[in-house]
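Where a number appears in this text, it was derived from the coordinates with a stated rule and is not lab data. None of the values given here were measured: they were computed from a predicted structure. Using ideal geometry, Cβ is built from the backbone for each residue, glycine included, and neighbour counts are taken over all protein chains shown.
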Amino acid sequence: MTSNVFAPPAMAGLNDANPPGFVDVDFTYTFDADMPAGASWRDQQVPIENDADFVWRGVCYTDIIAGAFNVRFQDSQGYYLSSGMVSNGNISNEPSSPTPVFPGLIFPAGSRIGIDIDNVAGIPIHVQFAFRGVKRYRVAR
């Protein structure tokens, strides 16, 4: 990328961050959980659409009905991303500031994000997860 050598660095701009031959478009997958008190759900799935790969870069949740829960995520091949369940206190509940997933995990088109979730509150809860990232489209040449 050529730049103006006389311009201050802040005015020079940024290089294209997309990998060669691809274009990344912001996208968010969501997962809603309406759980009765004491429920444990295993092998829940967030399907990845078939049009593009998904690069997962952050996660957050919003609790419509507050309550404590534990969660564990799986990658597209079924491998857990933590050795055990993670308390909701360790995951951001601010959509504007999600918990980062670094480096980003690539989920192939047609795969899934796996979720195990336990409601440890003494009440029914409603939680929505937001899986923030980008859809990675191949550019036609």
Formal net charge of residues neighbouring residue 52 (Cβ-Cβ distance under 11 Å; K, R +1; D, E -1): -1
Give, rounded to the nearest 20 debye, the magnitude of the charge dipole that the range 51-112 has about its Cα centre when Lys and Arg contribute +1 at Cβ and Asp and Glu contribute -1 at Cβ. 140
Surrounding net charge for residue 42, when Lys and Arg each add one and Asp and Glu each subtract one, Cβ distance under 13 Å: -2
